[in-house]
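Read through the structure below, which is laid out as structure tokens, and then see the notes.
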Amino acid sequence: MNFYRSLATIAGLLCAFGAQAHEPAVNRYRVNELPIPDSLMAGCLSGYAAGASITRINDFGIVNATSLCYTTVDPATVTLQYLNRTFVAAPWFGAVELPLTSPGFSYSYGINDRGEMFGYEGPETGGFYAARWTVGGGHERIFFDPACDTIQFQAGVDGNGRYTVGWGLRGDSRLPPPVDQLCIRMRWVIRNAAGVESLGPLDGTPAGINAFDVAAGTSDRSAIRYDVPSGQVRVLHAADSAHSVEVSDINDLGEVVGRITLNQVPDTANTCDPGVAVHWDRNGSEHVLPHLPGAVSSHAWSAGYDGETVGDSGAGQYCAFTDNSGERAVLWQGGRAFDLNTLIPRPAGITLTYAYGVNRRGQITAGGYVNAEPLTSCPSVEFDPVTGQNSIITVACHNQHMFVLTPVGR
């Protein structure tokens, strides 16, 4: 607890210093809402939440996103099914669903300036298969390991034309046979331009790779930078028994963002746990980012090129509420946290709950809800300790909408 309190103290000092300093130059933004492909909404149940989560934006203003809606809700049989598939969108061409190898689900982590998206797809029978898509319609599976035929569980995350980075469950030659052949260890997986694959750091995942072949991510719950050609690792923040570190992004300046979480269970990382947003500069120096006033937790999701970082801050109940309505999208700049809802036109009539990506033009991807839109239903399967059985619990929630924020004057 002492370490976490010290982080909170630092965050408070940053707020105080920011309040005493001159107001930093902060952009105001115009808002464009992006559509969801009609093909992904066709099978959605009426009366239940439907929408999409937007992720990254490249320097040409093209974004990737993933749709989500419910297709089966049956309390009698405790059956809950939903559909999530990835797509690409932009204000000038609408939205286009990305192809699948077979019927199932898909997700993409981001989009680069080459028009490539990396993520995973899964057939209805199960499994995660790493995938690469292109804006031009290209689609391929990558990182397939025949030795893991019964446990295909991997994903692509990012690429720069020379290297593709991702993660997967793989065997560990250091273990005694036959356990060494079991695909049970999480590893970074790397593919070069010739298609040759190799393994990287253990017990973690990459978050991205920049134009200079430097990747950032986690290993053993710690934040690291990883020089792909040399295999050199630099630890940005080491985890301990009470804290884990997440990495969300690295830009071409070598800046990395993420967060430090206070583990609910010691030695166990959990994305539901509250945390403090952090930024590491190109030299590896760590800067704790303040929460919004009244908030208790923050995520830093993406690092820009004009001193800005974007993310969310709020109640920190990341898994308790399906639509995270207690969070607010944040722009960090000049050591201060700004609620992005105060930087968009008030007549927009929306509430932004998170900001996930920012490009060189300063455009930001953000998700949220339309204030005048009625609440809908979000069901989930939960264990009932009274009956000792699972049941479907339904709560009121918002449909999720996607927005691109463009600085006024650009």
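Bear in mind these aren't lab numbers, they're just calculated from the coordinates by the rules spelled out. Because the structure is predicted, anything quoted here is derived from the model rather than measured. With ideal geometry, Cβ positions are generated from the backbone for all residues, glycine too; neighbour counts draw on all protein chains shown.
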Dipole of the chain, Cα-centred, from +1 at each Lys and Arg C-beta and -1 at each Asp and Glu C-beta, to the nearest 20 debye? 720 debye
Using θ = phi - 60° and the Karplus form 6.51 cos²θ - 1.76 cosθ + 1.60, what ³J(HN,Hα) does each residue of the stretch 234-240 get, whole Hz, x for Gly and Pro? 10, 7, 8, 7, 7, 6, 9
The chain - mean residue ellipticity at 222 nm from DSSP helices (-39,500 (n - 2.57) per run, n ≥ 4, rounded to 500): -1500 deg cm²/dmol
Let me check I've understood the local charge: for Val395, count other residues with C-beta under 11 angstrom from its C-beta, Lys and Arg +1, Asp and Glu -1. What total comes out? -2
Let me test this: with uniform point scatterers at the alpha carbons of the stretch 55-109, what is the Debye-based log₁₀ I(q)/I(0) at q = 0.14, 0.24, 0.25 1/Å? -0.48, -0.94, -0.98
Interchain or long-range residues, amide H under 5 Å from Asp323's placed H: His398
Taking Cα centroids, how far is the stretch 275-308 from the stretch 42-65 in Å? 25 Å
Check Ser219: other-chain or 5+ apart residues with amide H under 5 Å from its amide H, H built from backbone geometry? Ile224
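What's the local net charge at Gly195, with K and R +1, D and E -1, over the other residues with C-beta under 13 Å away?
After counting each charged neighbour, the total is +2.
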Take peptides 230-241, 108-119 and line them up by average Cβ neighbours within 10 Å, highest first, as a rough protection proxy. 108-119, 230-241
If you project the alpha carbons of the stretch 121-205 onto their three principal axes, what span does each projection cover, largest first, in Å? 45, 31, 20
Check Tyr354: other-chain or 5+ apart residues with amide H under 5 Å from its amide H, H built from backbone geometry? Ala329, Gly367
Grab the other residues whose beta carbon is less than 15 angstrom from that of Asp323, score K and R as +1, D and E as -1, and report the net. -2
Prolate/oblate/rounded label for the stretch 216-362 (Cα gyration tensor, a/c 1.5): oblate
Choice from Asn251, Asn270, Asn399 showing the highest fluctuation, given a GNM over the chain with Cα pairs closer than 10 Å: Asn270
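Once you keep just the Cα pairs under 8 angstrom separated by 6 or more residues, what percentage relative contact order results for the chain? Walk me through the intermediate numbers first.
Values: 1102 pairs, mean separation 58.2, N = 410.
It comes to 14 percent, rounded to a whole number.
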Packing-wise, with mean Cβ within 10 Å as the measure, how do 164-172, 343-351 rank, highest first? 164-172, 343-351
Would you kindly derive the ³J(HN,Hα) couplings of the stretch 35-44 from the backbone phi angles with the Karplus curve 6.51 cos²θ - 1.76 cosθ + 1.60 (θ = phi - 60°), listing them in order in whole Hz, with x for Gly and Pro? x, 10, x, 4, 5, 8, 9, 4, x, 7
Distance from the stretch 368-397 to the stretch 199-254 (C-alpha centre basis), Å: 36 Å
Hydrodynamic calc, the chain: Kirkwood Rh from Cα pairs, then Stokes-Einstein at 25 °C with viscosity 0.890 mPa s, so D in µm² s⁻¹ is 111 µm²/s
For the stretch 88-134, just run the numbers: alpha carbon Rg, then divide by 2.2 N^0.38 Å, N being how many residues it has. 1.22
Arranged from highest to lowest average of other beta-carbon atoms within 10 Å per residue, in what order do the peptides 221-227, 139-145, 387-393 appear? 221-227, 139-145, 387-393
Please name whichever of Val310, His299, His279 sits farthest to the positive end of the charge dipole of the stretch 254-320, dipole taken about the Cα centre and charges placed at Cβ: Lys and Arg +1, Asp and Glu -1. His299
Please report, in Å, the Rg and the Dmax of the stretch 253-296, where both are computed over Cα atoms only. 12.2, 35
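For the stretch 29-136, count the residues as N, evaluate 2.2 N^0.38 Å, and divide the Cα radius of gyration by that value, please.
Numbers: Rg = 14.6 Å, N = 108, 2.2 N^0.38 = 13.0 Å.
Compactness ratio reported: 1.12.
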Tabulate in residue order the Karplus-calculated ³J(HN,Hα) for the stretch 61-73, using 6.51 cos²θ - 1.76 cosθ + 1.60 with θ = phi - 60°, rounded to whole Hz; enter x for Gly and Pro. x, 9, 10, 10, 7, 9, 7, 8, 7, 8, 10, 9, 9
If you put +1 on each Lys and Arg Cβ and -1 on each Asp and Glu Cβ, how big is the dipole of the stretch 117-192 around its Cα centre, in Debye rounded to 20? 300 debye
